[in-house]
Amino acid sequence: MDKFRMIFQFFQSNQESFMNGICGIMALASTQMYSAFDFNCPCLPHYNLAYGLGILLVPPFILFLLGFVLNNNISMLAEEWRRPQGQRGKDPAVLRYMFCSMAQRAMIAPAVWVSVTLLDGKCVTCAFCTWVPVETLGNASHPHLSQGEIQRVLARVPCKEIYNGQELIANEVAVRYLRCISQALGWCFVLLMTTLAFLVRSLRPCFSQVAFLKSRYWSHYIDIERKLFDETCAEHARSFAKVCIQQFFEGMSTDLVAARCHLPRKAPVDAGEAAEKLLGITDWGTMNMALKSWHRCKPPLHLHPPALPTGNGWAGEGQPPTHPSVPRRETAAYYSCV
């Protein structure tokens, strides 16, 4: 149980770890979905290809879209891409980094589905059973069978219980031939994906490591800034609701006192603290104006140092002004008792 707790805390440590955990769960879910899926080839010449390729390609596309939907950064990317220029410029490199990062994670589950499907071989057997070379593997000179009838017989290769073309080609031979091709394609696909991942991970620091670090940093900054803004808005909404409710009940108690219903009145404990968290935004229109201003012109990414006091204070390069020393006067007083 402690190990699961540690893994869960690791997934919650940052946004990338969380999304890696989500993608890993989706990859495991894709394998479980395929193992639980009841594959039934139609065994018809004009439907086998569509059914086999549909099972091979449509679920990966759905998993790819689901990977984008489960990624929290998709809304952040769309917001950053569509927002006005305002006081802060938009860096295309950061947007490209965010999109590529999401696409790479979203591709994990589809790649697992395609690999498992090709290694299993049922989809390829169903889709390309009519393409079996009968001249090489079977008896092409079988009498009384036209080309259309041969295609109809070969279409029943995946359905062993209704296959009736043993004289043309043995069912086991055709299935093993197609499954070997499918497994070869599956291992080639796994090797290709592994090689691409290795090249991306190993060669990227050799060319644009500085640009990559900049894009990654500002991508993290946008994510953290959005979270902090949401937390600040939630805290302001909580304080606004608390003060509003307190004012409502205070008004009700005042009305009851005016109606000669003397009730014990207790001062709210957190009224001052909640009022301080409102930051001067105390009405509907001002809050809407603040939210609109945040979307249209986000503050520039430049932190100004606090200004040094002037006038009665001091303002200098780094050291407070020194005043000339005034000689200290000492006075001695003598008292005598007579």
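The values are calculated or read from the model by the stated rules, or taken from the named source; none is laboratory data. A quick note: this is a predicted structure, and the numbers were derived from the prediction, not measured. So basically every Cβ, Gly included, is an ideal-geometry build from the backbone, and we count neighbours across all protein chains shown. These area figures cover heavy atoms from the full protein model, side chains too; ligands, DNA and RNA do not enter into them. Shrake-Rupley method; radii C 1.70, N 1.55, O 1.52, S 1.80 Å.
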Here the net charge surrounding ASN40, from other residues whose Cβ is less than 14 Å away from its Cβ (Lys, Arg +1; Asp, Glu -1), is +1
Taking 76-87, 152-163 and ranking on average Cβ neighbours within 10 Å, highest first, one gets 152-163, 76-87
If the label point sits 7 Å along Cα→Cβ of ALA275, residues of region 210-245 with amide N under 12 Å come out as 243-244
The answer for the net charge of residues other than GLN166 whose Cβ lies under 12 angstrom from its Cβ, with Lys and Arg +1 and Asp and Glu -1, is 0
With x for Gly and Pro, the residue-by-residue ³J(HN,Hα) of region 295-302, computed from phi through the Karplus equation 6.51 cos²θ - 1.76 cosθ + 1.60 at θ = phi - 60° and given in whole Hz, is 6, 7, 9, 5, x, x, 7, 8
Expected unfolding gain across ASN139-SER293 under the 0.36 nm per residue rule, minus the alpha-carbon gap, is 47.7 nm
Expressed in nanometres to one decimal, the distance between label points 7 Å along Cα→Cβ at LEU119 and LYS160 is 2.2 nm
So ARG96 and SER146, fully extended at 0.36 nm per residue minus their Cα-Cα distance, gain in nm 12.4 nm
So the FRET efficiency between VAL58 and ILE25, C-beta based with R0 = 30 Å and rounded to 0.05, is 0.90
Protection proxy (average C-beta count within 10 Å per residue), highest first, orders 188-199, 22-33 as 22-33, 188-199
Whole-percent carbon and sulfur contribution to the accessible surface of region 1-208 (1.4 Å, no ligands, DNA or RNA) stands at 67 percent
Normalised Cα Rg of region 1-208, dividing by 2.2 N^0.38 Å with N its residue count, works out at 1.39
Length gained if VAL200 through GLU79 is fully extended, taking 0.36 nm per residue and subtracting the Cα-Cα distance, is 40.8 nm
